[in-house]
Structures are given as structure tokens and as C-alpha cells.
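To keep things clear, I will list the structure first and then write my remarks on it.
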Amino acid sequence: MSWSWRRFRNFSFAALAALVVLAIADLYEIMLRDASYMDGWILLASMVVLAMFNARKKFPMLPLLAAKTWMQVHIYVGWFAVGVFFVHTGLELPNGTIETALWCAFVAVALSGVFGAFFSTSAPARLTRHGEPVGRRRHGERFIYERIPAFRAEIAVAAEELANKSVRETKSSIISDYYVTRLEPFFRKPRNVLLHLFDSDKHLHTLRSEMRALERYLDDKGRDILIEMSQLVGAKDNLDFYRALQLTLKGWLFVHIPLTYGLVVLVVVHVLMVYGFSAGAP
Amino acid sequence: MIGRLQRFDFRSSPYERPTQAWVCGAAAGKECRVGPDGRGRCRATAECQPVRTGDRWVCTRPETAGGKCTDGPRPDGSCACPIPTCAPVPSLRRRRHRAVMWTVAVTIGFLAIVFGHAEAPGVPEPGEITVKHSNVGGCDACHGTAAEGAGDWTVAAFAKADPVAESGRCLNCHKVGSKPLNAHGVDADDLEKLTVAIRERTADAAPIPIKLASAVFPLPGQFDEAVPCATCHTEHQGPVFDLTGMANDRCQACHTARFSSLSDGHPDFADFPYMRRTRIIFDHNTHFGRHFPEAGEDKAPTSCNACHETDPTGTLMLARSFASSCQDCHIGQITGAQRATGPKGIGVLSVPGLDVETLRDRGVPIGEWPELSEAGIVPVMELLLGVDERYAEDLRVLGSMDLLDLVDATEADLAAVERVAWAVKSLLYDLAVLGIGDLSGRIEDAVRLPLDDVARARLVASLPRDVVVGALGDWFPNIAQEIRRHRAGERIPVPAGEDDSADAGVQPEPEAAAADATDGDILGDDDGGDILGDDDGGDILADDDGGDILGDDDGGDILGDDDGGDILGDDDGGDILDGDEDVAAEEDADEADGDEAVLSEVDEEAWAGLGGWYRRDFTLYFRPTGHADRFIRTWLDISAATYGTEAEDRGRILFTELTTKDAPGQCAKCHSIDTEITGILNIKWHPVRPKEDRKPFTWFPHAAHFGMLRDDGCLTCHRIDPQAPYQKSFEDLDPTTFASNFKPLDRQVCVECHTADGAGDACTSCHNYHAGPALPPALVTPLPGSEKAETKME
């Protein structure tokens, strides 16, 4: 079974389940009952299932299926919850203060989850393509996120030494001047996060074009140093790419998880209010 | 060429611990391998802990940190490579945890602000309420659980809901009948009957979703099951939300006759809107086919608008007034101007014709009675006389007799005649003496209904006293004397007839009889000096011996026919105007006779052409003054109201008389009569009128459709049915028996526009759920200065 077929099947199951809830809610409404209670509880139950993924991660020692399985359950139950949410809210914008906050929180959690699901699926392949070459292996080795700053610092030091070397060996300040004006800021800190997220290497082409333009003013030694400098630029840019993607992979959870907790608080208040004021509802 | 940056061998690859809360704060690539403790404090001391080997201290710095240092440990065994301290920084995990805490805190703070700024204590609004409800007050106006604030509704969240009780708060303002929470506000028994009836005549053509819903989530099915307001009306959906909006499917949750849409399965209109017969009997067929052509273009209308107009809301089509629609042709039938035979007024009081000769011969003591009367006992008088059970029985006896031929009557029959005769006289006498107040009292007794002053006044129609007195003077000149003697227990024989009086010389002529009275009552039966008194005083017309002006005594009266020398006397004296000699006097006498003749030739009925009281022969009539004559209408109303009561027998005679085809006024010709559930009859004086305090189950805004009518206009929907027995359907007095002049409405005409994609086919477009009383909220305003008002001002 291919990955895409499995994804299609799981998504279809989730969508079908949401449609079933929609149909039941419609039948419920036809018979003069308030379906909000029914689909509301289904939504809450699905949210509990989604939250259990985080709880499962806190107890890795327990034999409760593989994290990979939990992740799949989380993704497709999440899609189901999105469907039930629209059944519950009727595709209408809320107009109460708490309801608006609740709506916004759910939508933000859902959108961040959808983004996370897509990005978590697409980023690993991109990271692998940009991995550090190891021997004859087809794919390079991924950088560990926590080590990237050290590698970037290492490359920055090497670049600075190479610039000094160019002065000593070529008796020319062409490379060093270029380093000072253009490359030192590039090596100093992470750059071009957005461009890397969108898989753009326009910035890299620009730098390399500029460096190629310097070749005509350099002798052979200078050209060799320039080639070496270009390799450092490429390595640093690769680290920037890794950092950008891995930062995003970790960063979307800064939206998804905190908002989930906020959403839980709002849901509790919402349920209490609904039942506290629902004495008139059949 | 640069080498590999990342290595994973144990010598060059430090162990990463991303789950730790704190990480080293040193510059990138300079992190110490010790790292901060769990509370974020730097633990940096030295790069290794030298160990003593023999007498030497040996560096223990691992390969991952660069291996043994060149300087080695100090002589005291301490490391010569101290690690610079740093300010540890939180790890990503720690930062995310902080973000979670902040988010929860912000959420709780947000809730605190929302709850703190709510109008009612601790109750934030889940959404704006509609404009119509914006002034109902705080949350507790609708939510009982909100009375005491957040504590209350939090507790209520775990209590059992009572939607029926909560609906009571809606009903504080919304008055929707006596069974507000019943389906459609209809009594459960009535609802069951309706449902059973519909179930018998319709097939269930419910679409699949509705069938499925019924199967999966069946309703309780009890006809008295309360339907809380919130079943259909959901608030807090915004200021302009349509609270009365209702999905078509939901209507069919309860309904027996279920279908997909107006165009697919909706029952044909059958008898709608002709379920109830028209209040005004107007046969469109006969008018269109016969009456209008006969009336000609001057009188006949040329369009429906001539007789119909919309109500102010444009909903109902109403009939225009009598004056603008019917009067030109029908007023003469009401006033009697077009009546060729029969009286044009209603006989109210009469002296029934009796076989006086037989009564006289057989010694029935009824006193004086006009021999020439051939009148019957008019229904009004029969009603009034029938109050007394004795007379009621006598009237029944008399009803089977020919009162003008009593030769074969038994003694019992004659006794009945006697009692009725005296009852008639008493009635007339009391009316003359006690006034119309007595008459209205008798009416009230007769119909057994409490009448207000307005009704009493209308029932007697300002009957002038002179009319009564004048009639009595002609019919019973000595009635006062006779009544007095009769009530004293005296038997008063029938006076001798004209022929007999000549023989016996004892029975005075009516004129002479007038002078027999000795009292001074209205008609002079006392001893005082009354105008017509036969006393001994000097009255003007008395035949006493005094010197009265018109006396036939022997004195020298001015007009006396005595032998004295009176001015106008026809005696033998040498009077100034003596007829033998004075031609002028003769001519004057001829002129006087001619004037009398002119007066006697006046037709009393014609004289009252504009309506009112008149007397003809021995009956007192009232002629209708025009359309909606209050006298006739009130008599019809009270006689109709006797049906189903103990007074029905008396009322029926009058009601039947007043509603015959030829009855004066011909009210029942056009005004239909309904039998109410209590048995009383209800005359429909007015055509249908919009009832602002009632909502029908089905409504149709006529004016909104005028613009899209075809050339046929009203006939687009209302097609004449020439075969319908319209008039016949009014005979049984049952308003539900009706054969309309029009064919049933064609549903397809509506479907041409009213589809889901066209003009809409919502059930609520034409049907009201809350049919019946629709009373506005009661408004009680204390008067300025009243105690309540003062309290409010304080």
C-alpha cells in the first residue's frame, strides 16, 4: 500500500465520519432536537483523543502503540474534528465574546495543526536532499538542530581565516574587502529563513555571481581561495536551510500546543455556560 | 575543501539533551559540556576532574572536549583549565512550556475581563440578542439560572434542565393562547382529532431524510407533549436574526401529511380558502349571470374592485361596504319601497281579531273589543305575552284556532281567548301608563337575557307615547276603566254591538263610552276636570249638565246641539251661523269634510316611507329606516340568542318571522346565520374582517401578488364554478357547510413561482405555527399621582 493511497484512505475515513455526524445532526434537527449538544460532545471527545497524543509523548515508557501510529491517529482525528467543528458552528462566524474567542482558538489550533501536518510531511524529504554528503550515500546526513550554531560558528571562523589568508597570499584586498562588506554579515548569523522555507536559492546565486565577478581581478591563488570561500558560503547556506526548516518544524508547535491549552480552558467554560443556560433548550 | 561538519563518533559527537529545561548560555560552539542544572544555574567549574596516578595528577578531559590538555593539572590536583561561567538560557522545550503557561494565563485573564464587564453578574453574553428582545432586561429575564450570578449557572450546569418551565419566562410577555406550549397552541384532543382525520385521508409521502429521522429519532408522539419555545426559537444569534425562521423539514417532524415541497407532494388546496362559508350571502353566479346584466351598466359593477378591496396590510381581500357595493340595487328591498305586497314594517303590537259576536253571545267577559280587527297576534307581542306560562299555554291553544270564528269553540277555548284578550289589553295599558321602561323589562324577561341600556333603547326604538295613546284611544277607548274593573275582579261583558245597542239602548258608542268614565285618568275616568272626562265638572267635551263648550247638554254651549241660542248650533233659534240661512256655513262644513277625507286617505305606511313607527288598522308597525336598522337588528340578535336557552320557544317564533324571505328588512337574505357550538344562533352582520389579535394557520398577502397577475386578474386563482349549490349551502345554519361559487385554488398557479430556487417555498411563507390569539404584551401604566407611580418615581 503506497503512502499516498494510505493517506487518501485515512483522509476519506475522516471526511466520511464527519459527514456521518453532519447527517445525524441534520436528522436530529429535523426531529426538533438541538443537535448542538450531540455534535458538541462528539467534537469534545475528538479533542480529547487529539490531546492524548501529547499525553502519550509524556509516557514513552508505556507500550501504547508506536508514536508513529499516534501521529497518524492525531492527524486524521484532527481532520475529523475540523469537520465536526463546522457542523457544530454551522459554518457561521460567532458573535459572542467567548464564542468568538473559542472559535478563533479552535481555528488557530486547527490551522497550525494542518500546517504542521503538511510541513512535517514535506520537510524531512527536503532536509534529506540538503543533508551533508557522506561518502557515496545517495542522501546526505541531516544536521542536528542543536548543533547548527556550533557548525555555523566553525564555518564563520574558517571564512574569516580564509579572508586573512587571501590578503597574505595574493597581496590583494579584493577578497577580504568583499568578505568584509558582503560575506561577514552573511556568516555572522542565520540568514534567509523565508527564502529557505520556500526552497529558493536566489540569495545563493546572487552571492556566487558576485564572487564570480571578482575572479577576473584575481590571480590563480586568489581564485583558489575564492573557490574555497564559495564552498564555505554553500555550507553556511545549507546550515541556514536546515535551521530554517527545523526551526519551523519546532516553531509551529509554539502556536499549536499553547493554543490547545487555551482552547481547553475556553471549552470547559463553554460547556459549563451551555449547560448552565440551556434550561430552555429541549 | 572543507571537511565534514557533523560527526557521530563518540570522540567528536557530544550527547544532545534537547528535553532538558536549560542549556548553556555560552557563545555558539563554545558551550561547555557540563551544562546548567535543572533550575537554570551554571555549573561550570573546570574542564576536568584530574585524577591522581601514583604521585602525579593526570588530566581527564575527554576526547570530545579536545583530549588531555597540554598544561595538565596543577600541583594541588586542580584543573588548570577553568570554564568561564555563563548565564544559562532556557531550551526550546522550556520556552514552549512558558508559552503554554502564558497562553493559559492570558485566556483566564481574558475570561476574567469578559465576566467582569458583563452586564449581569458573572454572565457574559454568548451572542447579541435580537433587536426585538434588546429591552427585556438582564439575562435573568429569560434564564432562571442567571438570577444569582456565575455560581448559580455553574451549579445549574449539572442540574436537570426544565425547558418547559423556562418557556414560562417567554410567556410572561408573549400571549399565545391558553395552551401556549401545545403544538400550534391547540388543545390536545382537538389535535388528535385533526391528526386522525388527516391520517385517514392522506398518504405519507415523506422524503427519505424525514422518514429516516422519524425512524432513528422518533418523537414521543403524545398530543399533549409540550413544545418548549426554544425548540424553534434560538436567541443570541445576532440583532437581525430571524427568530421565526423554520426549516421545512422541521415542520414535518410532527405532521402526518408529509411531502417534499410545495411543488412535490404538497396536498392540493381542496377547500382552501373556502372552508368556511361567506358571512354575507352573495351568489357570484347569479349576479354575474343574471342580476348584473338586468341592472344595466349604470348600476352593475364592471370589475372585482368595485366590491372588493384589500385590508390596510394588503393581506385579506375584503368586501366593500353596503353603501358602495349593494345599495343601488338593494336598498328598496330593505325599506320596503320595492315590496309590492304585505306590510313594509314589522308588526310590534296588535289587537288580534276575535269573533266578538260569538264572545258576546256566549257571555265571555272580555269587555270592549274592536269588531273590525282581523289582525293576528304579532310575534313580538306573542314573545312578550309568552313570558307568563299561563298565557304561553293559551297562545298555543289559540294558535290552532280561527279566532275570527269561535262558534264551535269549547268553553276552555273561550276561557283561553278571554285570558289572552285581557293579557293584550293589560300589555297595551301598561305600556301606555308605565312607559317603555316597562316594555323593555318585559322584553328582558321574555328573552331571559340581561340587556344593557343601549340594547333596551334599540329594542323600543324611541316609541313615542302619543302613538300608543292614540292607538289605545281608537282601539279601546275605555281601557283604563276596564282594566281597573278587571283587576278588581269584575266580569266585564262585551258591550252590545251597533245593532244591539239600538235595541237595548245600553251600550254606548265608543265616542259616548268615552264619556262614561268617571275617573280622571289619561282618558278621563276620574272626577277631575279632564279633557275627555265624563265627570260632573265643566269639561270641554263632557256631556254633563254644565255649560261646557262642546257639551250636548241643555245649556247654551258654543257648539252644542241644544235648543239654546248657541253660535254654531243647528237649533231653531236665530243663531248667527244658522244652517238654514247661512250659505257660508254650509260651504265651510263641506270644506271640513273634504279635509277629513284627505287625511283619511293618507297611507300610514307610505307616510313612514323613511322608516319609523306607524299604525295601520289594529297593528302598530315599525318600518326599517334603511340598511343596518338597529331596531330590527337588535330584535334579531336577541331572538337568535334565545336559541339553546329556555327562552328558545318564544324566541324562535319571532326569529322565524324576522328571517323569512319576505320579512321586512330582508336581513336574512344576505346575512348568513351560524349555529354556534352552544346552540345559539349568530347572525353575521359583517363580512369577514381582519382580526389583528388573531393569526390564521394559513395566510396569503393578496396585494403582494397583484403585480404579477395575468390578464385574468382575480380569476387567475378564483375561477367561477357555475354548478356550485352556493345558496343551498346556507340552509342548514352550519358555517362549515359550504359550496363556494369558486373552484378550488389550483396549487400549480402557486408553484409557477414558489419553488426553492424561485420565490421560495418555505412552509412559513403561508403558514403560521402560532395560529390563534396573538395578543400584545399587557401594558399597565399607573396613572400619574397614583401610589404605584409615586413609588416608581422615588
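Where a number appears in this text, it was derived from the coordinates with a stated rule and is not lab data. Because the structure is a prediction, the values reported are computed rather than measured. As a convention, Cβ positions derive from the backbone with ideal geometry for all residues, glycine included, and neighbour counts pool all protein chains shown.
When the trypsin sites (Lys or Arg not before Pro) in region B:599-697 are filtered for DSSP coil states and for at most 14 other beta-carbon atoms within 10 Å of their beta-carbon, the remaining sites are B:K661, B:K691. Over region B:616-774, Cα pairs under 8 Å with separation of 6+ residues give a relative contact order of 20 percent.
Structure shown: which of A:K171/A:K202; B:K132/B:K691; A:K165/B:K30; A:K189/A:K221; B:K669/B:K691 lie over 30 Å apart, alpha-carbon to alpha-carbon?
Over 30 Å Cα-Cα: A:K171/A:K202.
The gain in end-to-end length when the B:E200 to B:M101 segment is fully stretched comes to 29.0 nm, 0.36 nm per residue minus the alpha carbon separation.
Here the ratio of the Cα radius of gyration of the protein assembly as shown to 2.2 N^0.38 Å is 1.80.
In region A:164-258, which trypsin sites (Lys or Arg not before Pro) fall in coil by DSSP and have 15 or fewer other Cβ atoms within 10 Å?
Answer by residue number: A:K171.
Computed from Cα positions, the angle between helix A:97-129 and the longest principal axis of chain A comes to roughly 40 degrees.
Which shape class applies to region B:340-398: rounded if a/c is under 1.5, otherwise prolate when a/b exceeds b/c and oblate if not, where a ≥ b ≥ c are the square roots of the Cα gyration tensor eigenvalues? The shape class here is oblate. Dipole size of the protein assembly as shown about its Cα centre, with +1 on Lys/Arg Cβ and -1 on Asp/Glu Cβ: approximately 27680 debye, rounded to the nearest 20. Straight-line reach from A:K57: taking Cα to Cα under 28 Å and skipping same-chain neighbours fewer than 8 places apart, the lysines in range are A:K68, A:K250. A:M31 sits among other residues whose Cβ lies under 15 Å from its own Cβ, and their net charge, with Lys and Arg +1 and Asp and Glu -1, is -2.
Placing +1 on each Lys and Arg Cβ and -1 on each Asp and Glu Cβ, with no other charges, gives region B:198-292 a dipole about its Cα centre of roughly 400 debye. Legend: translational diffusion of chain A by Stokes-Einstein, Rh = Kirkwood radius over C-alpha pairs, 37 °C, 0.692 mPa s; D = 143 µm²/s.
Just how far, in whole angstrom, is region A:105-125 from region A:214-244 if you go by their alpha carbon centroids? Result: 35 Å between the Cα centres. For B:A46, what charge total do you get from the other residues with a beta carbon under 13 Å from its beta carbon, if Lys and Arg give +1 and Asp and Glu give -1? Result for the local shell: +1.
Measuring between their Cα centroids, region B:249-305 and region B:593-666 lie 37 Å from each other. Our Cα-only numbers for region B:310-464 put the radius of gyration and Dmax at 21.0, 74 Å. Over chain A, DSSP H runs of length four or greater, each weighted -39,500 (n - 2.57), average out per residue to a 222 nm ellipticity of -26500 deg cm²/dmol. If both residues of a DSSP beta bridge must be in the protein assembly as shown, then about 95% of such bridges are antiparallel. Rg over Rh for region B:171-323 works out to 1.10, using Cα positions for both radii and the Kirkwood form for Rh. Among rounded, prolate and oblate, which fits region A:19-137 when a ≥ b ≥ c are the square roots of the eigenvalues of its C-alpha gyration tensor, a/c under 1.5 means rounded, and a/b larger than b/c means prolate? Prolate shape, in that a/c is at least 1.5 and a/b is the bigger ratio.
Annotation note: trypsin sites (Lys or Arg not before Pro) in region B:221-308 located in DSSP loop regions with a Cβ neighbour count of at most 15 within 10 Å are B:R276, B:K299. With a Förster radius of 25 Å applied to the beta-carbon distance between B:S324 and B:R276, the computed FRET efficiency rounds to 0.55. Treating each Cα of region B:170-229 as an identical point scatterer and ignoring solvent, apply the Debye formula and state log10 I(q)/I(0) at q = 0.24, 0.28 Å⁻¹. For the requested q values the scattering log ratios are -1.06, -1.13. Where is the GNM fluctuation largest for chain A (alpha-carbon springs, 10 angstrom cutoff): A:S36, A:S209, A:S122? Highest fluctuation of the listed residues: A:S209. Is the shape of region B:636-687 best called rounded, prolate or oblate, per the rule: a/c under 1.5 gives rounded, else a/b larger than b/c gives prolate, else oblate, with a ≥ b ≥ c the square roots of the Cα gyration tensor eigenvalues? Here region B:636-687 falls in the oblate category. Computed over neighbours whose Cβ is under 10 Å from that of B:V751, the net charge equals -3, Lys and Arg +1, Asp and Glu -1.
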